[in-house]
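What follows is a set of notes on a single structure, which appears directly below.
Read-outs: derived from the displayed coordinates by stated rules, not from any lab. Computed from a predicted model, the values in this text were never measured in an experiment. Quick reminder, even Gly has a Cβ in these numbers, built from the backbone with ideal geometry, and neighbours come from all protein chains shown.
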Amino acid sequence: MGHVVVIGSGIAGLISALRAARVHDVTLVTKAELTAGSTAWAQGGIAAAVFADDSPELHARDTLAAGAGLSDPEAVRLLAREGAARLHDLVALGVEFDRVSGASTGSAAGPLGWARGLEAAHSVARVLHAGGDATGRIIESALAGALDAARAQGRMHVREHTTAVAIVRGGDGRVCAVDVVPSPTAAGAHPGADAPVERLAADAVVLATGGNGQLYRHTTNPPVATGDGVVLGYAAGAAVVDLEFVQFHPTVLPGGGLVSEAVRGEGAVLLDAAGRRFLTGAGHDPRAELAPRDVVARAIAAQMREQSGAPVLLDATALGAGVLRERFPTIDRLVRAAGFDWTREPVAVTPAAHYAMGGLLTDMSGRTTVAGLFAVGETGSTGVHGANRLASNSLLEALVVGWLAGDLLAAAPAAAAPSLPTPALSTTQDQRGDDDLTAAVPTRLSGGLEAADALRNGTIPVTGDYLRDRAWDALGLLRDESTMSELARELADARPADALAARLLPLARLTAEAARARRESRGAHARTDYPATEPALRWRRAWVRPGSVSPELLTRDAAVDAPEPALAAAAPTREATR
């Protein structure tokens, strides 16, 4: 028996903790309340092949197509195969999925009479939901109840309002502890440098801190989603990957509040400012409102530019008041609070940062390249989502990977859990390209010993709010070299002026470098200066903190990948405080 520390309390963290606690003592650390993360905000549902007209093979095919050539085929197939079993496990833990009723517009019921919805880029309706549009909240509640039962048995300990600030490695390179501090009491606040540090000994650590949507001014993510796990793992020497791929949700209320893709799946349509559908014209994806999210989001952004920044309109009136209120009760309250009666009128919507496909490089058991360090959920990047996540695959991936991580930890002494090998630089260029989505996708290490340390600070103070505005401008839906280079120069000479900036600045540097290095448009990464998708770039780019691996590994074949050292570049003189 060992001691496992799980950092984060969404679906991935809770499942990992529950599975590991069958054998080990587990301490779950979360920087706010237990249910404050992104899981409770998930509206659309959870995708899985459980219906008669569906199959794991079909689910895998849709996932690979949405991933734009960068999804790991083996990881995708494992996810699709495991989906049905894990959903039944959720039911055993107390989750009640919605069943077919007179108000449902879904197709035939599933094995337990389950209702289902259709979302973008799915070839069949396979998205299960609970509480209408409260799927994440209901799953979170059921898992929190199971956690309470585990606490009663004495092997589970929960530390709410506690923030992890460092992963500690021992002389053998394995994780041995986590440094934590008390979280501030104010919602969305971040610990200052003078917070008292406590060290928690650990045989293994699971990072499950969620995504990084707060890097952007406009986001669907909760205030706690500041990319903590990615930065903690990077600081500890773990490889990060695919940070250029950030999914922007197409339909968010201008004042905040997600309007799920499931609404379009039920039949809602998008209109321009004059009340005309604009996704059905020439030059648009034939799937119109049900095209992949990146396609719809960019089309909305283009339409907004044509109408001087005015938002587009989501028209759900044809669904009827009964469906809107019963199928989407959470969204109904949000829309009405914003001043709309969406049963009678269209609703203004705009895109916003939603989901990070990149993160710490992991396998499907959550192992990172640091021994004893795991990452699950949105903190990790298994390769399932590729360049663009298929709708409602996020809860499923968090469930499957969290389950496998917990089982791996429970199967052996926690201190013996192996790590992934660090990717090597490679000159291999013979992959089969984007026409064969089942071909393996290589992962290569980026840069050499000259690569800059994203944790190294300059002299110009920047605030967290300033970083969020700059990221939205330079790393948003459409990107280009000039804008991103200017941002990279700013970031190179920046130092955090507040606690939020201290958390976001390393993440902004890594994301900017990853976006600059990928000189093509693929999935959620769209560049106006490189609008085409390049088959030769069908590989995943990993980054490690300088000094984390041997010089021999970092310099081998370095000529194949020599990005400009933008983080180390000097920034022009700017005002003293931003």
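The chymotrypsin sites (Phe, Trp or Tyr not before Pro) of segment 318-417 include none that meets both conditions, a loop assignment by DSSP and at most 12 other Cβ atoms within 10 Å of the site Cβ. Pair-distance distribution of the chain: all C-alpha pairs, bin width 10 Å, starting at 0; shares per bin in whole percent are 4, 18, 30, 28, 16, 4, 0. Sorting 529, 493, 62 by the number of Cβ atoms found within 10 Å of their own Cβ, with the fewest placed first, yields 529, 493, 62.
Sort 495, 527 so that the residue with the fewest other Cβ atoms within 10 Å of its own Cβ comes first and the one with the most comes last.
Details: 495 14, 527 20.
Lowest count first: 495, 527.
Among the GluC sites (Glu not before Pro) in segment 21-123, those placed in a DSSP loop whose Cβ has at most 15 other Cβ atoms within 10 Å are 33, 96.
Nearest 20 debye, what's the magnitude of the dipole of the chain about its Cα centre given +1 on Lys and Arg Cβ and -1 on Asp and Glu Cβ? List each step's numbers first, then the result.
On the way: 54 positive and 65 negative charges, 88 e Å.
Taking the Cα centre of the chain as origin, the dipole is about 420 debye.
Sort 118, 487 so that the residue with the fewest other Cβ atoms within 10 Å of its own Cβ comes first and the one with the most comes last. Write out the running numbers ahead of the final one.
Working: 118 21, 487 24.
Least crowded to most crowded, the residues run 118, 487.
In the chain, helices alone account for a calculated mean residue ellipticity at 222 nm of -9000 deg cm²/dmol, with every DSSP H run of four or more residues adding -39,500 (n - 2.57). Counting charges near residue 299 (Lys, Arg +1; Asp, Glu -1) among other residues having Cβ under 15 Å from its Cβ returns a value of +1.
So what's the convex hull volume per residue for the Cα atoms of segment 127-240, in Å³?
On the way: hull volume 19.6 nm³, N = 114.
Convex hull volume per residue, Cα atoms: 172 Å³.
Over what distance in Å are the Cα centres of segment 190-238 and segment 107-182 separated? Value for the Cα centre distance between the two parts: 16 Å. May I ask for the distance between the Cα centers of segment 258-324 and segment 343-409, given as a whole number of Å? Answer, in whole Å: 25. According to the calculation over all Cα-Cα pairs in segment 250-351, the P(r) per 10 Å bin from zero is 16, 53, 28, 3 %.
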